[in-house]
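A short reminder: the numbers here are calculations on the coordinates, not readings from a lab. What you see is a predicted model; the values in this text were computed from it and never measured. Every residue, glycine as well, gets a Cβ built from its backbone with ideal geometry; the counts of neighbours run over all protein chains shown.
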Amino acid sequence: MGIEEIEQKDYFSIGDVKRITGVPEYSVRYWEAEFGLIRPIRLESGHRRYTKEDVYTILKIKDLIYKHKLTLEGAKKQLSKYQFPSANKAEKAHSDVKLLTEIKETLEELLK
């Protein structure tokens, strides 16, 4: 598990993120709200789908907090030095998921 698994998929459930990063689901959700850098796609069902960039960001936050012993504020300052993917990329990914969902529903109707 780890980097190899991240590179094999484009989107990850929160359970996948937990398994890959070793960060509990509640921490992932908290960091999502606290840092504003993790922007999962929300499916119509309400489930989150994280991108590769989100997973790498979570790993970086984990490293800063656990290995480098930074506080949340310290980690935020450190992360502000990095350039992260824009919201436009997250929006495009969201529209891609929506389009795929529509295609799936159309195909299911055709099969009936």
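Quick notes on this structure:
- Straight-line reach from LYS9: taking Cα to Cα under 13 Å and skipping same-chain neighbours fewer than 8 places apart, the aspartates and glutamates in range are GLU53, ASP54.
- Eligible lysines near LYS77 by straight Cα distance, threshold 26 Å, same-chain separation 8 or greater: LYS18, LYS52, LYS60, LYS62, LYS67, LYS69, LYS89
- As a ratio to 2.2 N^0.38 Å, the alpha-carbon radius of gyration for region 23-72 is 1.16.
- Average Cα contact separation per residue, the chain, under 8 Å, 6 or more apart, as relative contact order %: 23
- Among the trypsin sites (Lys or Arg not before Pro) in region 1-73, those located in a DSSP loop and surrounded by at most 16 other Cβ atoms within 10 Å of their own Cβ are LYS9, LYS69.
- Translational diffusion of the chain, µm² s⁻¹ [Kirkwood Rh, Cα pairs; Stokes-Einstein; 25 °C; 0.890 mPa s]: 162
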